[in-house]
1. Pick from the range 21-80 the residues that are β-branched (Val, Ile, Thr) and within 16 Å of LEU11 (Cα to Cα): which of them is surrounded by the fewest Cβ atoms within 10 Å (Cβ to Cβ)?
2. Could you tell me whether ILE59 is over 30 Å from the mean Cα position of the chain (by Cα), at pLDDT 85 or above and not charged (D, E, K, R)?
3. Taking the range 18-38 as the region of interest, how many residues are acidic (Asp, Glu) and either modelled with pLDDT under 85 or under 15 Å from ASP57 (Cα atoms) (or both)?
4. Does LEU62 meet the test of being without any contact (Cβ under 8 Å) to a residue 24 or more places away in the chain and part of a helix (DSSP H, G or I)?
Amino acid sequence: MSNNAKNNDTLNKVFDDGIVLHADLPELKRLLLACTEMREADILNTRVKEGLPKRTDFIKLLIQLKEREITHGDLMRRSNWTLVVAIATFIVLAIKTTCEILSTR
């Protein structure tokens, strides 16, 4: 496959809303890299040349949203584990205190 054909395939992916909106974080980063490394001499369509900066900004925004989503998911997971550990600690201390009270009588 020629280099120009690979570039055209990459541009087709970048401008396909379905691919961009459903891409995961590594795929979005690959598409962003393709946008930033695309030489203007390789782009034959003037509408694509004009739209590439806007599409690049859009992909950057999607990357930021995906990274925040991942961070939010990690925080939720950690908070759930913290809550479980706190409840388990409370139960253990309650049982221990009850046993100590009953053993002193």
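The values are calculated or read from the model by the stated rules, or taken from the named source; none is laboratory data. Every value quoted in this text rests on a predicted model; they were computed, and no experiment measured them. Reconstructed Cβ throughout: ideal geometry from the backbone, glycine too, with neighbour counts over all protein chains shown.
1. THR46
2. No, not satisfied.
3. Taking the range 18-38 and keeping what is acidic (Asp, Glu), we get 24, 27, 37.
Filter again for either modelled with pLDDT under 85 or under 15 Å from ASP57 (Cα atoms) (or both), leaving 37.
Adding up the residues that qualify gives 1.
4. Judged against the criteria, LEU62 is not a match.
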